[in-house]
Amino acid sequence: MKFLKKETSSDGRSRYVKKSKLQEVWHQFKKNKGAVVGLIVLILIFVLAVAASFIYDFKTDICMLSRNGRLLTPCLEHPFGTDHMGRSVLARVLYGARYSLLIGFVVVGISTGVGTLLGALAGYYGGKVETIIMRTVEIFLMIPNTLLGIVFVAVFGISLTNLMLALGLSTVPHFARNARSSVMTVRGNEYVEAAKALGVSDFKIIMKHILPNALSPILVQATTRVASAIISAATFSFLGLGVPSPLPEWGAMLSDARPYMRDYPHLIVFPGLAIMITVLAINLVGDGLRDALDPKLKR
Amino acid sequence: MGEVLLEVKDLKKYFETPKGLLHAVDGVSFTIEKGKTLGIVGESGCGKSTTGRAILRLHEPTSGQVLFQGKDVTKFKGKELREMRKDMQIIFQDPYSSLDPRMTVNQLIREPIVTNKLLTDKNDIEKRVLELMETVGLAERLYNTYPHELDGGRRQRIGIARALAVNPKFIVCDEPVSALDVSIQAQVLNLLKELQQKLDLTYIFITHNLSVVYYFADDIAVMYLGELVEKAPAEELFAHPVHPYTQALLSAIPNPDLDVKKERILLKGEISSPINPPDRCRFAKRCNYACEDCMSKAPKLVEISPNHFVSCHHPLV
Amino acid sequence: MKHNEKIDNAEDIVLDIQDLAIRYVTDDATTYAVNHINLRLKRQGTLGLVGETGAGKTTTVLSILNLIPDPPGVIDSGKILVNGRDVHKLSPKELSEMRGKEVAMIFQDPMTSLNPVMTVGDQIAESIMLHEGLSKQDAYKKAKETLETVGISGERAGDYPHQFSGGMKQRVVIAIALACHPNILIADEPTTALDVTIQAQVLELMKKLKEDYKTSTIMITHDLGIVAEICDEVAVMYAGQIVEQGTLREVFKNTKHPYTEGLFNSLPNMNDRNSKLTPIRGLTPDPTIIYPGCTFAERCPYATERCHTEKPQQKWINENHMVACGRYDEPDFHIERR
């Protein structure tokens, strides 16, 4: 009972207080050096994304034709060089972080939310409910994600919101499946039956006893999916189906740079690096989280 | 005879499986008097746990009646069912999986009180939790610990406190000490006995451990493949077992007393499948005394001496 | 340490564990699993290793096969002689020859100790092929014979584990262990996962095979009834130490250690239904702490001041009975068995 410290309650008697679950996870997480580095980098990216709006003006620095020289290679004044419209690549890369992060988290938010709900219902109730949900999910699993996304955007039009919806909904099936299997494992535990014997309602059992215990694998999956959502968004933007110009989403920047990339490689190197570093950091955090949350790896 | 608290009549629980109908509990009947303990013994798959759960409606019974204080529990719905959960409780076998690992001792014991709205005032609830912890012998300093930090015996005490929280009259103890070490097992058995006397509880004590049930129960029912094969007061059953299965079961207990040398009856083979069992004595295939009768028709439960019931064509009197 | 002359005859000792100490080191803590134990197994003898969860029984026997995972396991001291050879000095090749051929192990759970995608015949033959250099056909034929000896028809050699019931699976596990005629058999709670009537069958089988194969056996169990049934010597472990050791009759009828007494008193008395159980008070000690005195002192009804501060020495009361309890230095001290 190493994590115990003593607390004295109002009536003067002492009790042990346990570190919260969160503190314990943090304790485990800290042991993984890669994950800690990933987390620091991720926080840094967040800070830069926020800071960018104080340093640069959205209209003049990011979107409009600039009076700077066009297609300058990196120099002191423009560390990352400028693009074909004379805009600072550094400014756009920094500003672009907010789009990538926004897309990453909103997309995963949508797919985790919807997917977990569907999966939990299927896993807890079983029978007909499960058959209907899971068969539908499987039909969607047969269609490649990208194709599903393209169709969605093609039908509803190109915009940031539509891109996020398309990417989010197309990964719902994966989350539903994962959530269902972890809910089913938890449902088999006796404490679920114990709660039933004490008269706890189905809704409360799902919300209080099942979901919190099934959350670890879902959370881990969500983290790694943030990274793949960022990549997918970049892909869509590169294909011209994602974030419309002149918004400096990293994928869109790559797309804009296409005609010039042979002569001015810095146009693709920096946004490319930005994507790579962000994705790597998120994956490292995801790995660390998986290890920290897995009770079997705890020693 | 004392006041009958629980009467089970022809209780059946079948499960659908891909291979056919699994007869987990097949026509079990018995009564328990208030303040007494009925021990149900049998090997894995004999339906003893399912019987306990069907009585509490954790599994919906396929047919039959469960009369608790004269009212048929199997007909209860909604509010009545919730009320019944307060009178009839269960203690689980595995103190590792029957407690939500994310809840502290305090939260675990609080849950039944809050769920059933027994108390509403915060201070009253805390007082009640502490009182329950004291009743089952949990030190107050463990108030905020998580179950995974505690040993099996203490966890089982949490389970007992949770069951007691709703002031039940009747508790199904489903192998409450099987997962515990011998020395801890004795602590928990003593506690359960003390509580029975103090709170006038009635128990069904389900176990595969015959020496424990002999110590703990007033009456013992032996189950085999979903059926009750013999039932008698504990002393009578151990002194004069008449069903061949009971005899074999009793002779199989390893006895640490070196001076008692017992003749061991070895059974042939293993328990057969409970899926679509044929209509005959279910023990016949392993029985050393089986004859044609046993292979063709099922025996009925009869009272061969006062309070001693057996279901066998040729009881070994 | 003092031993009797019979034991001193090295010929008759197949397994000799001397001063073994093992701990597990993790980031959070060091667990002292086995604390300087001495254990000897006589040829064709059956030694019961008794103790509760966490007493160090399994760690002790795993070390015989040099199977302690490292990390986290650290062997601090000790020598393990199997048929006179030091296990820690064997090369990896010699070790793998020893495992299965000289020393075989039966695990507690037959459900997980068999490979679900191999037929039972192949699993038995695998060990025979490895150790006896027989061809596949010959090994398979021998596997069938071995199956017969554990009471399973040879025709079932082609079946997969899931086609067998629990008791049958444990018979298969025993067949695998015995296939190469090991002279030491280690059984780690072999019947705990089985029902009583099946347990009776398996124990009966083990007794018979012990005679036929002339194996020496270490039987780990927490059930004193099983010990009475099958063992001729007993070692009682508590918190990584052997607190009492001797012949079955000595330990069971002339119990000396308060912990052994506590174990007996915790059992329901089959002769008197109304006697109250006397549990051992308290809990097993924290294995991450080294106690200055006797590890059982906290829970011991006889403990004195000295027990908490001074380590008890192992004391041979007679040539067949050892007890590690400090109070036996007092000439008129004795415990009271119920």
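The numbers here are math on the coordinates, done by the rules we state, and not lab data. From a predicted model like this one, the values you see are computed outputs, not experimental measurements. Neighbour counts are summed over all protein chains in view; Cβ atoms, including those assigned to glycine, are modelled from backbone coordinates with ideal geometry.
Just the Cα atoms of chain C, one point each, no solvent: what log10 I(q)/I(0) does Debye give at q = 0.08, 0.13 Å⁻¹?
-0.41, -1.04
After finding the eigenvalues of the alpha carbon gyration tensor for segment A:62-138, what semi-axes result from the square roots of 5 times each, listed largest first in whole Å?
50, 10, 8
On a 0 to 90° scale, report how tilted helix A:127-142 is relative to the longest principal axis of chain A, with both axes built from alpha carbons and the result rounded to the nearest 10.
Orientation of helix A:127-142: about 20 degrees from the principal axis.
With no solvent and one equal point scatterer placed on each C-alpha of segment C:64-137, evaluate the Debye formula and give log10 I(q)/I(0) for q = 0.12, 0.15, 0.19, 0.23 Å⁻¹, two decimals.
With no solvent term, the Cα-only Debye profile gives -0.45, -0.68, -0.98, -1.17.
Before rounding to the nearest 500, sum -39500 (n - 2.57) across all DSSP H runs of length at least 4 in chain A and divide by the residue total; then give [θ] at 222 nm in deg cm²/dmol.
Taking each H run of at least 4 residues, the total per residue is -22500 deg cm²/dmol.
What is the Cα centroid distance between segment B:158-235 and segment C:199-229, reported in whole angstrom?
Distance between centres, Cα-based: 30 Å.
Counting only other chains, and only Cβ atoms inside 10 Å, what mean value do you get across the residues of B:244-256?
5
Could you line up C:Ser77, B:Ser272 from fewest to most neighbouring Cβ atoms inside 10 Å?
C:Ser77, B:Ser272
What distance in nm separates the two pseudo spin-label positions at B:Lys268 and B:Ala239, each 7 Å out from Cα along the beta-carbon direction?
The modelled label-to-label distance comes out at 3.4 nm.
Starting from the Cα-Cα distance between C:Arg43 and C:Ser153, subtract it from 0.36 nm times their residue separation and give me the gain in nm to one decimal.
36.5 nm
What residues have an amide H closer than 5 Å to that of C:Ala33, excluding those fewer than 5 places away on the same chain, when H is modeled at 1.01 Å from N in the peptide plane?
C:Ile22, C:Arg23, C:Tyr24
Mind checking the full-extension length gain between C:Ile289 and C:His162? Use 0.36 nm per residue of separation minus the Cα-Cα distance, one decimal, nm.
Working it through step by step, the gained length comes to 41.4 nm.
Sort B:Leu192, A:Leu280 so the one with the fewest other Cβ atoms within 10 Å of its own Cβ comes first.
The order, fewest Cβ neighbours first, is A:Leu280, B:Leu192.
Out of B:Glu43, B:Glu227, B:Glu149, any idea which swings most in a Gaussian network model of chain B, alpha carbons joined below 10 Å?
Per the Cα network of chain B with a 10 Å cutoff, B:Glu149 tops the list.
Please give the Cα centre distance for segment A:216-268 versus segment C:69-132, rounded to the nearest Å.
Value for the Cα centre distance between the two parts: 54 Å.
Each label point is 7 Å from the Cα along the Cα-to-Cβ direction; what then is the distance between the points at C:Arg273 and C:Lys207, in nm?
For the pair C:Arg273/C:Lys207, the computed spacing is 2.8 nm.
Under the Kirkwood approximation applied to all pairs of distinct alpha-carbon atoms, what is the hydrodynamic radius of the protein assembly as shown in Å?
This gives a value of 32.6 Å.
I need C:Arg327, C:Arg306, B:Arg85 ordered by Cβ neighbour count within 10 Å, fewest first.
With the sparsest Cβ surroundings first, the list reads C:Arg306, C:Arg327, B:Arg85.
What is the helix-to-structure angle for A:160-170, meaning the angle in degrees between its Cα long axis and the longest Cα principal axis of chain A, kept from 0 to 90 and rounded to the nearest 10?
The two axes meet at around 40 degrees.
Could I have the simple spin-label model distance between C:Asp329 and A:Leu280, label points 7 Å from Cα toward Cβ, reported in nm to one decimal?
Distance between the two pseudo-spin positions: 6.5 nm.
Taking the Cα centre of segment A:164-299 as origin, sum charge times position over the Cβ atoms of Lys and Arg (+1) and Asp and Glu (-1), and report the length of that vector in debye to the nearest 20.
Magnitude of the dipole: close to 440 debye.
Place +1 on the Cβ of every Lys and Arg and -1 on the Cβ of every Asp and Glu in the protein assembly as shown, take the dipole about the Cα centre, and give the residue among A:Ser182, B:Val182, C:Ile13 whose Cα lies farthest towards its positive end.
The residue sitting farthest along the positive end of the dipole is A:Ser182.
Once you measure Cβ to Cβ distances between cysteines in chain B, which Cys have no partner under 4.7 Å?
So far as the 4.7 Å Cβ criterion goes, B:Cys46, B:Cys173, B:Cys287, B:Cys291, B:Cys312 stand without a partner in chain B.
Give me the base-10 log of I(q)/I(0) for segment C:47-103 at each q in 0.23 Å⁻¹, Debye formula, one uniform scatterer per Cα, rounded to two decimals.
-1.05
Identify which of B:Ala24, B:Ala232, B:Ala290 has the largest mean-square fluctuation in a Gaussian network model of chain B, with springs joining Cα atoms closer than 10 Å.
Comparing B:Ala24, B:Ala232, B:Ala290 in a Gaussian network model of chain B, the most mobile one is B:Ala290.
Using only helices, what value at 222 nm comes out for chain C when you add -39,500 (n - 2.57) per DSSP H run of length 4 or more and divide by the total residues, to the nearest 500 deg cm²/dmol?
-9000 deg cm²/dmol
Work from the charge dipole of chain B (Cβ charges, +1 for Lys and Arg, -1 for Asp and Glu, about the Cα centre) and give the residue of B:Pro315, B:Leu210, B:Val114 farthest towards its positive end.
B:Val114
What does the helix-only formula give at 222 nm for chain B: each DSSP H stretch with n ≥ 4 adding -39500 (n - 2.57), the total divided by the residues, and the result rounded to the nearest 500 deg cm²/dmol?
About -9500 deg cm²/dmol.
Which angle between 0 and 90 degrees, to the nearest 10, do you get for helix A:33-55 versus the longest principal axis of chain A when only C-alpha atoms count?
50 degrees
For an R0 of 51 angstrom, estimate the FRET efficiency from the Cβ-Cβ distance between A:Ser245 and C:Asp28 and round to the nearest 0.05.
Rounded to the nearest 0.05, the efficiency is 0.40.
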